[in-house]
1. Could you count how many residues in segment 69-108 are of a type in the set (S, T, N, Q) and touching an Asp or Glu at 6+ places or on another chain (Cβ under 9 Å)?
2. Out of the residues in segment 65-92 that are in a strand (DSSP E or B) and under 36 Å from the mean Cα position of the chain (by Cα), state the one that is surrounded by the fewest Cβ atoms within 10 Å (Cβ to Cβ).
3. Six or more apart or on different chains, Cβ under 7 Å: which pairs go from a residue in segment 84-107 that's in contact (Cβ under 8 Å) with a residue 12 or more places away in the chain to one that's part of a helix (DSSP H, G or I)? Could you list them?
4. When the residues of segment 93-127 are narrowed to those that are within 37 Å of the chain's Cα centre (by Cα) and either of a type in the set (Gly, Ala, Ser) or not assigned by TED's automatic domain parsing to the domain that holds Val202 (or both), which ends up surrounded by the fewest Cβ atoms within 10 Å (Cβ to Cβ)?
5. Quickly run through segment 156-212 and pick out the residues that are in contact (Cβ under 8 Å) with a residue 12 or more places away in the chain and β-branched (Val, Ile, Thr).
6. Somewhere in segment 103-123, is a residue closer than 16 Å to Ala206 by Cβ, in a strand (DSSP E or B), in contact with a helix residue (DSSP H, G or I) (Cβ under 7 Å, 6 or more places away or on another chain) and not polar (S, T, N, Q)?
7. I'm told Asn64 meets every condition in (1) within 30 Å of Ser198 (Cα to Cα); (2) among the polar types (S, T, N, Q); (3) at pLDDT below 90 except one. Can you identify the failing condition by its number?
Amino acid sequence: MRKKYGYIVVFLLAMLASQSLVAASSVDSSSAIGPDDAAAVTSTQTEQSASKDKDSTSSNDKTNDKAKDNADNQGFWNFLKGTAPENAVFLGMFTWHFNPESRKDDRASNNLVGGLYNSIFFGTLLNSFSDRAFVVGVQRDLYTHSFTPNSKFSAGYRIGIITGYDQRMADIARYLPALPFPELYIDYAYHNIGVELSYVGVVATAKFFIRF
C-alpha cells in the first residue's frame with residue numbers, strides 16, 4: 001500500500017514539475033519575443049497609417065484636380081456662352097474679298113437688310129455672285145467695353161446657316177441647301193448708331209446698324 005502511495009506522490013510531483021517548466025518556458029518565451037513583436041506591430045501600424053495617409057492625399061489630389069478641370073471647363077463654356085448683344089437693325093454691307101480675282105469679278109456692295117433680336121440674327125442680302133441669300137443664326141458678345149456712357153465697343157461671334165450659294169462658292173454647296181455660317185466681328189457704337197467689321201472665311205465685311 002505504501003508503495004502504491006509512493007507512486008502517486010511521485011506522479012503528482014512530476015505533474016507539478018512539468019507544469020512549472022511549461023509556465024517558466026512560456027514566461028521566458030514571452031519575455032524573449034515580446035519586444036520584437038511590439039516593434040513589428042508598431043512598424044506595421046506605422047506603415048498602415050502612412051499608406052492610409054498616402055491614399056487619402058492621393059484621393060484629395062484627384063478630387064482637387066477634378067474640381068480644377070471642372071472649373072476650367074465651366075470657365076471656358078461660360079466664356080464661349082458670352083452675353084446677349086443689344087437688339088439692332090442692320091442696313092447696308094460692303095465686302096472685301098481676299099482673293100484678287102474675286103475682288104475683280106465679285107460683288108462688293110451687298111445691300112444687307114437684317115436684324116438682331118434676343119441673340120438671334122437674321123437677314124437677306126445679295127451675295128458675291130449677286131444671288132439673293134438668306135441668313136439666320138445665333139449672335140453672342142464675348143467682350144464689351146464702354147469708353148463713355150454713350151460709346152461702346154464689342155467683340156463676338158455669329159454662327160448659323162446661309163442660303164444662296166452653289167458650287168462657285170464650294171463644291172459641297174451643290175449638295176446642300178444651306179451652308180454653315182461662322183463669323184467673327186468687332187463693332188463700335190456711338191449712342192445707338194454704329195459700324196461693324198467682320199470676318200467670314202474668304203472675305204471681310206463692313207456693316208452699319210442702329211440699336212434699340
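1. The number of residues fulfilling the criteria is 3.
2. For segment 65-92, the residue satisfying everything is Thr83.
3. Close Cβ pairs satisfying both conditions: His97/Arg103.
4. Going through the qualifying residues, I end up with Gly115.
5. Ile159, Ile161, Ile162, Thr163, Ile186, Ile193, Val195, Val200, Val202, Val203, Thr205, Ile210
6. Scanning segment 103-123, I find no residue that is closer than 16 Å to Ala206 by Cβ, in a strand (DSSP E or B), in contact with a helix residue (DSSP H, G or I) (Cβ under 7 Å, 6 or more places away or on another chain) and not polar (S, T, N, Q), so the answer is no.
7. Asn64 satisfies every listed condition except (1).
The values are calculated or read from the model by the stated rules, or taken from the named source; none is laboratory data. Computed from a predicted structure; not experimentally measured. Heads up, the Cβs are rebuilt from the backbone with ideal geometry, glycines too, and the neighbour counts pull from every protein chain shown.
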